[in-house]
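Notes to accompany the following structure.
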Amino acid sequence: MSHDSTAAPEAGVRKLSGRRRKEIVAVLLFSGGPIFESSIPLSVFGIDRQDAGVPRYRLLVCGGEDGPLRTTGGLELSAPHGLEAISRAGTVVVPAWRSITSPPPDEALDALRRAHEEGARIVGLCTGAFVLAAAGLLDARPATTHWMYAPTLAKRYPSVHVDPRELFVDDGDVLTSAGTAAGIDLCLHIVRTDHGNEAAGALARRLVVPPRRSGGQERYLDRSLPEEIGADPLAEVVAWALEHLHEQFDVETLAARAYMSRRTFDRRFRSLTGSAPLQWLITQRVLQAQRLLETSDYSVDEVAGRCGFRSPVALRGHFRRQLGSSPAAYRAAYRARRPQAERPQDVDGGPGGPGGGMPGHTGHPGQAPAALHPEHPVPLQSRRTAAASAVGSSPALSASAASDNGREAYISARASLPGQRSAT
C-alpha cells in the first residue's frame, strides 16, 4: 500500500532551477548510517542498465559531513562529493539517519531546504524521514517511516501527519518510505513515475524483487515491548480497549474513560501513538481477527462478533483494506502453509470465550500466509505488549536550539505546496 498525492495540477508543481537536472540523483550519506539502506539508492540509480530498458540516471554520492564515513560493520567510506554537489541534483535521497535521538548537521539541513526551494524532489528512506522532518520539509504533510520509529517521529514533530501503515508516501515533491525493503519499493516507484511501468518492471526483474507490493506495514508490526507501559493516563485506556475488543465500543467510549473530550483525546492519543484512535482501534480488531482465523475454527461471522465488529461485512471490508485478502482466503492460505500436525486446535480462550484470554499460537511465529507475503511473519501480539507499543516507549529527539531555529525559519518562509494533506 502506498499513499500517493501526486495528482495535484501540474501548474502547482515547483519548477527546477536552471542549474539542476532531473536525471541527476544525489544520495546524502552520513557517518553511522546502515549500509543496507545506504546501498539501495546507489544500486537503483547508480548502475547503468540501459541494456535492460532502464533509462540512466546520473548519481552523485555526497557526504553530509566530514569523512571518512563509518557505516555498520565498521566499514569506512569516502564520498566523492560534498554538500555542494547537491546543488545540481533534481532528486536528493537521504537513505537513513544514524540515530533518531540526535539532530542532523545544520549544514545538511540547510542544503536540503535550498534544494527543495529550487524544485528538487526530496526523498527520505526509513529513518531518513527524521532528517527531512528536522529540515521542516514534512510539516503539514503525510509521511511514513519504519513502524518502530513512527511514534517517535509523531511525538517529536507533531505537525507531521505520520502514517505507520504505509510502505511509502508520495506527496509530490517530498517522499518517504518505511524501513529497509520499503526503500526499494519507493525507489522503484520513483523510476515508475519518471519513466513508466515498463522501465520499473525491467529494473525490478534485474533486482529480483516484486515491481509493486500490495499491503502496508500492518503485517510486520511487533508489539513485544516490556510489560511496563509507562505512567501516562492513556495507558490504562489502551489496556482496557485491548481487554475488551470483543465488545462493541467506539472512540467516544475511550475518550469518556480518559475523562477527555473527543477532540482532546484524539490529539493526545495521536501524540502518543502516531495514529488516529479510530484507525488504531480498527487495526487492533483486525489483528485480533487474524489471530482467531489462525488459531480457531470459528466461522467468519463468529470471528467478526468476537472482535467487536458490528457485522461480518464490516470485518471483511477492513480486513481486505488492511491485508489485501478476505478473512476466508487468509485462513485458507495460512493453513495451506502449515502441516496438518502443526495446526492449532480450536481455541475457546479468546476475548468473549470461556477462558477470557488471548488465543494461543502453537505454530512457528514466523509463518505467514502465502497469499499475502510468504517470507514475512504474520503479526502476533498480546494485549499487554500491544498496550506497551501503543503508548510508545521511544525517547523523544533532542534537537539543538540552532537546528530548531533554522527549521522554524524555513517553515515560516516557504509557501504552501500542493498535495499537503494527511495520509490518515
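A few points about this structure:
- ³J(HN,Hα), Karplus 6.51/-1.76/1.60, whole Hz, each residue of segment 256-263, x for Gly, Pro: 5, 5, 8, 6, 10, 5, 4, 5
- Taking amide H as placed 1.01 Å from N in the peptide plane, the amide H of residue 77 sits under 5 Å from that of 69, 70, 71, each at least 5 places away or on another chain.
- Where the Cα pairs of segment 30-113 fall when distances are cut into 10 Å bins, in %: 16, 49, 28, 7, 0
- Coupling constants for segment 323-335 follow from the phi torsions by the Karplus curve (6.51 cos²θ - 1.76 cosθ + 1.60, θ = phi - 60°), and in residue order they are 10, x, 8, 6, x, 5, 5, 4, 4, 4, 5, 4, 6 Hz; glycine and proline get x.
- Amide H contacts under 5 Å for residue 58: 24, 25, restricted to partners 5 or more places along the chain or on a different chain, H placed in the peptide plane at 1.01 Å from N.
- Exposure rank, largest accessible area first [155, 15; 1.4 Å]: 15, 155
- Alpha carbon centroid spacing (whole Å) that separates segment 57-88 from segment 123-172: 23 Å
- Residue-wise HN-Hα couplings along segment 114-119, as the Karplus relation 6.51 cos²θ - 1.76 cosθ + 1.60 with θ = phi - 60° gives them from phi, are 5, 4, 5, 4, 8, x Hz; Gly and Pro carry x.
- Among 76-83, 296-303, the order from most to least packed when residues are scored by Cβ within 10 Å on average: 296-303, 76-83
- Heavy-atom accessible area per residue - segment 82-187, 1.4 Å, Å²: 22 Å²
- For the peptides 21-27, 324-330, 127-133, 147-153, residues were scored by their other Cβ atoms within 10 Å and the scores averaged per peptide; the highest-first order is 127-133, 147-153, 21-27, 324-330.
- A simple charge model with +1 on the Cβ of Lys and Arg, -1 on the Cβ of Asp and Glu and nothing else charged puts the dipole of segment 64-205 at about 380 debye relative to its Cα centre.
- Taking amide H atoms as placed 1.01 Å from N in the peptide plane, the amide H of residue 166 lies under 5 Å from those of 217, each 5 or more residues away in sequence or on another chain.
The values are calculated or read from the model by the stated rules, or taken from the named source; none is laboratory data. This structure is a prediction, so every number in the text was calculated from the model and none was measured. As a convention, Cβ positions derive from the backbone with ideal geometry for all residues, glycine included, and neighbour counts pool all protein chains shown. Each accessible area value is taken on the protein alone, full model and side chains, heavy atoms only, with ligands, DNA and RNA left out. Shrake-Rupley method; radii C 1.70, N 1.55, O 1.52, S 1.80 Å.
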